[in-house]
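Everything on this sheet refers to the single structure shown next.
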Amino acid sequence: MRSTFSPTTAASIVVANMIGTGVFTSLGFQLLEFSSPTLIISLWVIGGILALCGALCYAELGAALPRSGGEYNFLGQLYHPAAGFVSGWISATIGFAAPTALAAITFGTYLGAVLPDVSPTWAAAVLICVVGTMHAASRSASGRFQLAATAVKVLLIGLFVCAAPLVVGELQPLSWQLEADAFEHVLSAGFAVSLIYVNYAYTGWNAATYLSDELAEPQRVLPWVLTLGTTLVLVLYLALNTVFLYVAPVDAMVGKVEVGHIAATHAFGTAGGDIMGVVLAVLLVSTVSAMVLAGPRVLQVIGEDFPALGFLKAASPGGVPRRAILVQCGVSLLLVFTAAFDTILLFTGFTLALNTLAAVCGVFLLRRQGIDRPFTMPLYPAPPLIFIAITTWTMVYLLVERPAEALWGLGIVLAGILFWAVSRGRY
């Protein structure tokens, strides 16, 4: 009998996919735009609400269309096979490979901040290779490692959030009062671009839909896995960013990637900060692990459906998509060695936003087509409308403010359309 992932393991994959690069790096970029703690935290609240709205939409979609592949499955069934292929193309090229690269780079950066002789780039590359090898071994070993790594991550974050404010010499004097021009800031391009960083930090709330075929009773399990995992991460993100702001001076974090290490150093001293730097690096192992676990499942189902990419469907006797794991890890390594951190983050965030936006819009098609829905989201149509409005707003601003990154994302979509057209003509 084919083994499956337990609901707890599926929830851990959601949490581990979400808690990664973004929450430990985004604050430094946000502080470049404004220093108001109220505005900073409001970004994370809005991002959390957006993720919850998306999770509710995906819960309804995943229960009604229970197959691995996430957006590839949803868009292919609700729109057209071409839309599904382009979505899968995004997943194949950057959807998982780029976040894997970012998490690995951040791992290397934190490790390099503590151990100067360690090359962040090579540390990132070694991590990807080790995790990829481990997940290619077996599903049971893969699931156990993911569950344990995520449990350690949540525990360590909780300890940091509780301990840092207690041991820091003096909390930063934050003012939570809104300034007179706060509303103008919320409607500004800077706020919208900062929300892209935050939305990227929440990316992963849909992770369980990528391996629906490997869950027992996905129609019953997916809704609570997605919503519970997303809610837990929302709480942790608000706590983490509040602690960062209270224990470290804003000037020390502005524009910096390693804000977690900076905050830990101010709270625990140089030695304690170095220890926390290593701890934060270890936390990112589970993020890389979750990406390498979930992403190849999308590549595998694409290989099953499209002859031009049929080599991706190969699996071990136990059902592990080893060839797809190798491809994803290869693309991640290419990004680690060739691209800048913030460029990867922004164009990945824009491209993934296109993917999820199309899937959430599919909820309306799902209901119009009368497909049986084992789970019905509460407060419909508010969740999809909120998600669509905020996501579209941030994407428009990014296209205006950072056109190069947005155009890279659109270029990947166009390349997917061309590849689909050519492959369909050959088979």
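All of the numbers you see were taken from the coordinates with simple rules; none came from a lab. In this text the structure is predicted, and so the values were computed from the model without any measurement. Here the Cβ is made from the backbone with ideal geometry for all residues, glycine too, and neighbour counts use every protein chain on show.
Some notes on this structure:
- Region 284-372 shape via C-alpha gyration tensor axes, a/c threshold 1.5: oblate
- Within-15-Å neighbourhood charge of A141 [Cβ basis; K, R +1; D, E -1]: +2
- Once the gyration tensor of the Cα atoms in region 183-295 is diagonalised, the equivalent ellipsoid follows with semi-axes of 31, 21, 12 Å, ordered largest first.
- Each part reduced to its alpha carbon centroid, region 120-194 and region 59-118 end up 18 Å apart.
- Charge dipole (debye, nearest 20) of the chain; +1 at Cβ of Lys and Arg, -1 at Cβ of Asp and Glu: 1500
- Considering only T38, T356, T106, the Gaussian network model of the chain with Cα springs below 10 Å gives its largest mean-square fluctuation to T38.
- Ranked for footprinting exposure by Cβ neighbours inside 10 Å, fewest first, L228, L283, L293, L187 give L187, L228, L283, L293.
- Estimated D of region 358-399 in µm² per second, where Rh is the Kirkwood radius over Cα pairs and Stokes-Einstein applies at 37 °C, 0.692 mPa s: 285
- Percent breakdown of C-alpha pair distances by 10 Å bin, ordered from the shortest bin, for region 1-68: 15, 37, 27, 15, 5, 1
- Averaging the sequence gap over all C-alpha pairs within less than 8 Å and six or more residues apart, then dividing by the number of residues, gives the chain a relative contact order of 35 percent.
- Whole-number percent relative contact order across region 139-260, with pairs defined as alpha carbons under 8 Å at least 6 apart: 42
- With the Kirkwood sum run over all distinct C-alpha pairs, region 109-167 has a hydrodynamic radius of 13.8 Å.
- Alpha-carbon centroids, region 220-265 and region 335-389: separation in whole Å: 22
- Shown for region 44-122 is the translational diffusion coefficient from the Stokes-Einstein equation, using the Kirkwood radius over Cα pairs, a temperature of 25 °C and a viscosity of 0.890 mPa s: 162 µm²/s.
- Debye-sum result for region 7-426 in log10 I(q)/I(0), which assumes one identical scatterer on each alpha carbon, at q = 0.12, 0.13 Å⁻¹: -0.93, -1.10
- Listed by number, the DSSP H helices of the chain that run 18 Å or longer by alpha-carbon position along their axis and have mean Kyte hydropathy of at least 0.5 are 37-64, 97-114, 120-135, 139-167, 189-202, 218-247, 259-305, 322-338, 341-368, 382-401, 403-426.
- Alpha-carbon centroid distance for the pair region 390-422 / region 1-51, whole angstrom: 22
- Percent of alpha-carbon pairs separated by more than 15 Å within region 172-216: 66
- Taking the convex hull of Cα positions in region 345-427, its mean projected area over all directions (nm²): 7.6
- Proportion of all alpha-carbon pairs of region 105-204 beyond 19 Å (%): 72
- Anisotropy class of region 1-151 from Cα gyration tensor, a/c 1.5 cut: oblate
- For region 253-331: rounded, prolate or oblate by the Cα gyration tensor [a/c cutoff 1.5]: prolate
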